[in-house]
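Novice: Below you will find the structure I want to go over with you.
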Amino acid sequence: MNIFSRLMHRARVKSPRLFHLNTGSCNGCDIELVTCLSPRYDVEQLGIHLEGSPRHADILCITGPVTRNTLEAVKATYAQVCEPKAVVALGSCPASCNVFAGSPVIEGPLAKHIPVDVYVPGCPPHPDAIINGIARAAQILADRGVPEKAKGEPQQ
Amino acid sequence: MNAMALIRLFLFPGLLFAIPAGWFFVWGEHKAVARMQRRIGPPLLQPFYDFVKLLGKRTPSRHGIEADLLRLYPVLSVLSLIAALALLPVFPTGGFSGDGILFVALLEMPSICFILAGFTSGSIYGQIGSIREAVLSVASNLVFLLAIVTIAVTESTFRMTDFAGPSLNPGHWIGVLGILLCIPAKLRLNPFSTSNAEQEIYSGPLTEYAGAALGMWELAHGLEWVALTGFVATLILPVGGPWWLHAVLFVAVSFLQVLLLSGISAATARFTLQRSIQFYWRWAVVLAVLAMSSAIYMRFRL
Ligand code: SF4
C-alpha cells in the first residue's frame with residue numbers, strides 16, 4: 001500500500017457516516033441507536049455522524065424486520081449509498097424477523113434482499129454493541145475499498 | 001500583480017492558510033458544541049479525514065448541463081471564498097479602492113451557489129432548502145449590507161485597509177455588531193439553520209450531493225468560517241506591531257468568535273423561517289438603520 005491508499009484507508013475508518021433506515025421496527029432499536037449519540041456514549045469521538053441523506057452516508061443502519069411496504073425503500077436506499085459502503089443490521093429483527101416471523105406482511109430477513117456486513121443481535125441491542133458493530137463495519141468498508149467490478153452504479 | 005497580492009492569495013490569509021484553518025474552525029465548532037453538551041467531541045483531524053474520505057467515494061454518474069452545474073457550484077464557492085480571503089486586510093497594506101464591494105460580492109457567491117445547487121439538483125428537499133436559504137439570505141443581507149455601509153460611511157471609504165483596526169467612531173462598533181449578528185445566518189448555524197434542517201428536509205440543498213463535490217461544499221463551509229470571522233477580526237484588531245503578532249492575534253480572535261458562535265448555536269433551538277426573518281427585519285434592521293443614520297449625521301456635523 002502506498003501512502004495515499006494508507007491515508008484513504010485511515011480516513012475511511014475514522015469517518016463513518018450513518019444513514020438510519022427503519023423498516024418497520026418496534027422503535028426499540030431506533031431508540032438505542034439514537035442513544036449512541038447522547039453524551040453518555042458520544043459516538044462523535046469516533047467520527048461517527050448520523051446523516052440526513054443516504055448520499056452522504058457510508059454505513060446503512062437498518063432496524064426492523066423489512067415489511068412489505070418498506071422493501072422498495074430498502075433497495076432504493078441501499079442503491080443510493082455510494083461505494084464503498086457497508087450495511088449494519090441492528091437488532092434481531094433484520095437478522096431473523098424475530099417476533100414478527102411468519103407474518104404475511106413481513107419480507108425479511110434482510111439478507112434476502114441486500115448484502116449485510118455486520119449483525120448486531122439483541123432485542124434491542126445494547127448501545128455498546130451497536131457502537132462496536134459500527135466500528136467493525138467501518139473497518140470492513142475500509143478494507144474492502146471501492147470494489148473493482150462495479151456492482152452497478154449508484155442510482156440517480 | 002505584485003508579490004504581496006500573490007502572498008495574500010496563496011499563502012496568508014489565502015489558500016495555504018485558509019484550508020487548514022477552515023478545517024480547524026469546523027472542528028472547533030463541533031468540539032465546542034460537544035463540550036457544551038458534556039460530550040468529548042470529534043478528534044482534531046476529523047474534518048480532514050471527512051474530506052479525504054469523500055474524495056474516495058464513487059459518485060453516481062450524471063450527464064448533461066445539470067451535472068456540470070452541480071459540479072461547478074462548490075468549486076465556484078471555494079474559489080470565490082479564497083479570493084475574498086485574499087482581500088482581507090490582515091496586514092494593512094495593498095488593496096485597492098472599492099475592494100470592500102468586491103469582498104462583499106465574493107462573500108455572497110457561496111450562498112447563491114448553495115441556493116442554485118438546491119434548485120438544480122431537482123430534489124424536493126433541495127428545493128425547499130433553497131427557498132428557505134434564499135428568503136433568509138435576503139433578510140440577513142439587508143442588515144449585513146447596512147452594517148458594512150455604516151462602517152464605510154464612518155471611514156468615508158470602501159477600501160478594506162481603511163476599514164481595518166478599531167475606531168473611535170461608535171458607528172464602527174455598531175457596524176461590527178451588525179456583522180456579528182448576521183454571521184449565524186450566513187453560516188446556517190442555529191438558530192438560523194432552517195435551510196439545512198436535517199430533521200425536516202434531510203440535508204436541504206445538498207441532499208443529492210455525494211463524494212468529492214460534497215467534500216468541496218464542506219471545505220467551502222470551513223472557508224466561510226475563516227472569511228467571516230476573519231473579517232470581524234480585522235475590523236477590531238489594532239493595526240501595527242510586528243507582523244507575526246498580528247497574524248497570531250488574527251487567528252486567535254477569529255477562533256474566539258468560532259467558540260462564541262458555536263456556544264450560541266448549541267444553546268439555541270432552530271427558529272422557524274418566519275421567526276428568523278422577524279428577527280432580522282424587526283430588530284436587527286432597526287439597529288442597522290440607526291447606526292447608518294447616526295454615521296451619516298456624524299459626517300455632516302464634522
Ligand atoms: S429487535 Fe427487538 S427491539 Fe429491535 S426492532 Fe425488533 S422487536 Fe424491536
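Novice: Could you compute how fast region B:3-301 diffuses translationally, taking Rh as the Kirkwood radius over C-alpha pairs and applying Stokes-Einstein at 25 °C with viscosity 0.890 mPa s? Give it in µm² per second.
Specialist: The calculation lands on 125 µm²/s.
Novice: Let me ask something else. Within 10 Å of each Cβ of A:76-84, how many other protein chain Cβ atoms are there on average?
Specialist: 3
Novice: Sticking with this structure for a sec: Tell me the net charge near A:Tyr41. Cut-off is 14 Å between Cβ atoms, A:Tyr41 excluded, with +1 for each Lys or Arg and -1 for each Asp or Glu.
Specialist: Here the charged neighbours net out to -1.
Novice: Continuing with this model, one more query. At R0 = 51 Å, how high is the FRET efficiency between B:Tyr297 and A:Arg40 if r is their beta carbon distance? Nearest 0.05 is fine.
Specialist: E between B:Tyr297 and A:Arg40, to the nearest 0.05, is 0.35.
Novice: In peptide A:49-62, how many Cβ atoms from other protein chains are near each Cβ within 10 Å, on average?
Specialist: 5
Novice: So for chain A, averaging the separation of alpha carbon pairs under 8 Å that are six or more residues apart and normalising by length, what relative contact order in percent results?
Specialist: 27 percent
Novice: Additional query: Given that compact globular proteins tend to follow 2.2 N^0.38 Å, what is the ratio of the alpha-carbon Rg of chain A to that value?
Specialist: 1.02
Novice: Measure off 7 Å from each Cα along the Cα-to-Cβ vector at B:Ile264 and B:Thr157, then give the distance between these two points in nanometres to one decimal.
Specialist: So the label points at B:Ile264 and B:Thr157 sit 2.9 nm apart.
Novice: With label points built 7 Å along Cα→Cβ from the Cα atoms of B:Ala5 and B:Val75, find their separation and express it in nm.
Specialist: Spacing of the two 7 Å Cα→Cβ label points: 2.4 nm.
Novice: Shifting gears a bit: Using a 10 Å cut-off on Cβ atoms, rank the peptides B:204-215, B:243-254, B:178-189, A:124-135 from the highest mean neighbour count down.
Specialist: So the order, starting with the most tightly packed, is B:204-215, B:178-189, A:124-135, B:243-254.
Novice: Identify all aspartates and glutamates with a Cα-Cα distance to A:Lys85 below 18 Å; exclude those on the same chain that are fewer than 8 residues away in sequence.
Specialist: Within the straight-line cut-off, A:Lys85 pairs with A:Glu51, A:Asp58, A:Asp117, A:Asp143, A:Glu148, A:Glu153, B:Asp50, B:Glu208.
Novice: As a test of the formula, what do you get for chain B when each DSSP H run with n ≥ 4 contributes -39,500 (n - 2.57) and the sum is divided by the residue count, at 222 nm and rounded to the nearest 500 deg cm²/dmol?
Specialist: Value at 222 nm, helices only, nearest 500: -24000 deg cm²/dmol.
Novice: Any idea of the total accessible area buried by the B-A contact, 1.4 Å probe, rounded to 100 Å²?
Specialist: Rounded to the nearest hundred, the buried surface is 2800 Å².
Novice: Follow-up question, since we're still on this one. Over region B:5-61, calculate the relative contact order: mean separation of alpha carbon pairs under 8 Å at least 6 apart, over the residue count, as a percent.
Specialist: 23 percent
Novice: Can you give the convex hull volume per residue for the Cα atoms of the protein assembly as shown, as a whole number of Å³?
Specialist: 152 Å³
Novice: Summing +1 for each Lys or Arg and -1 for each Asp or Glu, what net charge is found among the other residues whose Cβ lies under 14 Å from the Cβ of B:Gly100?
Specialist: Local net charge: -3.
Novice: Please compute the per residue accessible area over the protein assembly as shown with all protein chains in place, 1.4 Å probe, rounded to a whole number of Å².
Specialist: Accessible area per residue: 44 Å².
Novice: Where does region B:31-86 land on the Kirkwood hydrodynamic radius, alpha-carbon pairs, in angstrom?
Specialist: 14.5 Å
Novice: Here's another thing I want to ask about it. Kindly tabulate the residues in region B:33-72 with an accessible-area decrease of at least 50 Å² between the chain alone and the assembly of all protein chains, using a probe of 1.4 Å.
Specialist: Buried by 50 Å² or more upon assembly, which counts only protein chains, are B:Arg39, B:Tyr49, B:Val52, B:Lys53, B:Gly56, B:Lys57, B:Arg58, B:Pro60.
Novice: Under DSSP H, which helices of chain B have Cα atoms covering 20 Å or more of the helix axis and a Kyte-Doolittle average no less than 1.0?
Specialist: In chain B, the long hydrophobic H runs are B:65-86, B:99-121, B:124-155, B:170-186, B:211-236, B:243-267, B:285-301.
Novice: What are the ³J(HN,Hα) couplings of region A:109-116, residue after residue, when phi is run through the Karplus curve with 6.51, -1.76, 1.60 and θ = phi - 60°? Round to Hz, x for glycine and proline.
Specialist: Residue by residue, region A:109-116 yields x, 4, 5, 5, 10, 9, x, 10 Hz.
Novice: In region B:1-145, if every C-alpha pair distance is counted and binned at 10 Å from zero, what percent goes to each bin?
Specialist: Percent of pairs per bin, in order: 10, 27, 36, 24, 4.
Novice: Percent of accessible area on the protein assembly as shown owned by carbon and sulfur, 1.4 Å probe?
Specialist: 66 percent
Novice: Separate question: Other chains' Cβ within 10 Å of A:139-147 residues: what's the mean?
Specialist: That average works out to 1.
Novice: How high is the relative contact order of chain B? Use alpha-carbon pairs under 8 Å, at least six apart in sequence, and give a whole percent.
Specialist: Reported relative contact order: 28 percent.
Novice: Measure out, as a whole number of angstrom, how far apart the alpha-carbon centroids of region B:220-294 and region B:188-214 sit.
Specialist: 21 Å
Novice: Once the piece of chain linking A:Ser5 and A:Asn132 is laid out straight, how much longer is it, given 0.36 nm per residue of separation minus the C-alpha distance between them?
Specialist: That works out to 43.3 nm of additional length.
Novice: A further question on this structure: Search the structure for amide H atoms under 5 Å from the amide H of A:His20, placed 1.01 Å from N in the peptide plane, and list their residues when 5 or more places away or on another chain.
Specialist: Hits under the 5 Å cutoff: A:Glu51, A:Cys61.
The values are calculated or read from the model by the stated rules, or taken from the named source; none is laboratory data. From a predicted model like this one, the values you see are computed outputs, not experimental measurements. Neighbour counts are summed over all protein chains in view; Cβ atoms, including those assigned to glycine, are modelled from backbone coordinates with ideal geometry. Keep in mind that these areas ignore ligands, DNA and RNA; they rest on the heavy atoms of the full protein, side chains included. Shrake-Rupley method; radii C 1.70, N 1.55, O 1.52, S 1.80 Å.
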